[in-house]
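J.: Handing you a structure now.
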Amino acid sequence: MDTLGYQSLVQARLATSGYSLRSTPPWGLVGYRRDFRVRWGATTLHLLVHVATTSHVTADELARFTRSSLDQAELAHGGMRGLQSGVGVISAVIGDSADEDAHRYALTTIVRDFAAFAWPVVVDLGARVRSSRPSGPVIGAVYNSWMLSQIEALLPQPDALVPADPH
């Protein structure tokens, strides 16, 4: 599967999971949904999933994309964030390959602002692996299981989709 094929798979999963979709350069694909949960302390989370493709993912590129995605989400949906509302972003970059530093960044980083956070994800099709932080931050922890379940549902591990190369 190539990067555009994987992005199409993500797009289909976003649509079936209740996200509204739009294509927005430079992000490529953006999915949005708003959810309210009593178990989140009766708060609303505006969740955006930004998906981009590239031939090779670097840590700097992922960091810039994640920051840009969070900034855009705050502008679009973060005007009233605070006690009862927050903004979450999954910023996924799909590549044919990725630097070890990009994987490390995705495994260790959550970008945070006031009542807003972004969870970077690398999908490395060459290595057949998706990297993202396995646990969330302490502040905003009520959203952690939701965010992890959304990453799992929307951005499957490539090794589960792509048959191994017999050579």
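The values are calculated or read from the model by the stated rules, or taken from the named source; none is laboratory data. Keep in mind that what you see is a predicted model, and the values were worked out from it rather than measured. Cβ sites come from the backbone with ideal geometry, for glycine too, and all protein chains shown count toward neighbours. Areas reflect the complete protein model, heavy atoms only, side chains present, ligands, DNA and RNA absent. Shrake-Rupley method; radii C 1.70, N 1.55, O 1.52, S 1.80 Å.
J.: Please enumerate the residues belonging to the stretch 110-155 that are open to solvent by 40 Å² or more (accessible area, probe 1.4 Å), at pLDDT 90 or above and part of a loop (DSSP other than H, G, I, E, B).
T.: Gly126, Ala127, Arg128, Arg133
J.: Out of the strands (runs of 3 or more DSSP E) lying entirely within the stretch 1-96, which hold 3 or more residues that are at pLDDT below 90?
T.: Hits in the stretch 1-96: 29-37, 43-57.
J.: Follow-up. Return the pair list, or none, for Cβ contacts closer than 9 Å from residues in the stretch 6-19 that are over 11 Å from Leu155 (Cα atoms) to residues that are in a helix (DSSP H, G or I) and open to solvent by 40 Å² or more (accessible area, probe 1.4 Å), at least 6 apart or on different chains.
T.: Final answer for the pair search is Ser17/Ala153; Tyr19/Arg13.
J.: Right, here's the next one. Within the stretch 93-109, identify whether any single residue is under 16 Å from Leu45 (Cβ atoms) and surrounded by fewer than 21 Cβ atoms within 10 Å (Cβ to Cβ), and answer yes or no.
T.: No, there is no match, as no residue in the stretch 93-109 is under 16 Å from Leu45 (Cβ atoms) and surrounded by fewer than 21 Cβ atoms within 10 Å (Cβ to Cβ).
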